[in-house]
Amino acid sequence: MNNPNQSTALTTGGGLGNNVALEKLNTMERLWHEVGAVGRFGRAVMGGQYDKPWTTIVLGMVSLVYLISPVDFIPDVLPIIGLVDDATVMAFFMASFKRDLGRFVQWEANQTLESQTIDVTVEESA
């Protein structure tokens with residue numbers, strides 16, 4: 001949270017509504033952080049600073065082709081059931097993407113820590 005007063009206002013009062021409001025705010029902050037991470041992830045991969053996640057890239061292309069293709073394991077003309085295979089394919093892709101995004105965020109945090117680390121040499125006096 002950027003504003004400590006906002007946190008205090010949401011957590012004081014002891015009501016259940018305040019806890020729900022705080023939880024929703026945390027969820028929105030996490031979502032906003034992940035949306036921003038997607039853009040940074042793409043720029044880092046395209047810029048060559050971060051290794052390409054080939055498994056996710058290939059899975060994404062295969063998923064896209066499968067979703068666009070008129071050939072399905074379960075025909076889409078069947079109500080509800082016809083979309084299950086499409087949803088399953090997307091779920092596999094999204095799980096892979098989310099895993100790689102998490103790895104990127106961790107890598108990014110490590111890069112930030114490394115850039116902030118100061119190398120200090122201590123000379124011993126005789």
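Just so you know, all these numbers are worked out from the coordinates, no wet-lab data involved. What you see is a predicted model; the values in this text were computed from it and never measured. Note: ideal-geometry Cβ built from the backbone for every residue, glycine included; neighbour counts use all protein chains shown.
Things to note:
- Amide hydrogen proximity for Tyr50: with H placed 1.01 Å from N in the peptide plane, the residues at 5 or more positions away or on another chain lying under 5 Å are Val45.
- Each residue of the stretch 68-77 was assigned a 3J(HN,Hα) from its phi angle through the Karplus curve 6.51 cos²θ - 1.76 cosθ + 1.60 (θ = phi - 60°); the sequence is 7, 5, x, 8, 10, 5, 10, x, 5, 6 Hz, with glycine and proline shown as x.
- The HN-Hα couplings worked out from phi for the stretch 88-94 by the Karplus form 6.51 cos²θ - 1.76 cosθ + 1.60 (θ = phi - 60°) are 5, 4, 5, 5, 4, 5, 5 Hz, whole numbers, x standing for Gly and Pro.
- In a fully extended conformation the segment linking Ile57 and Leu113 would gain 17.4 nm over its present Cα-Cα distance, using 0.36 nm per residue.
- Positive-pole candidate from Met90, Leu101, Gln111, dipole of the stretch 51-117, charges at beta carbon: Gln111
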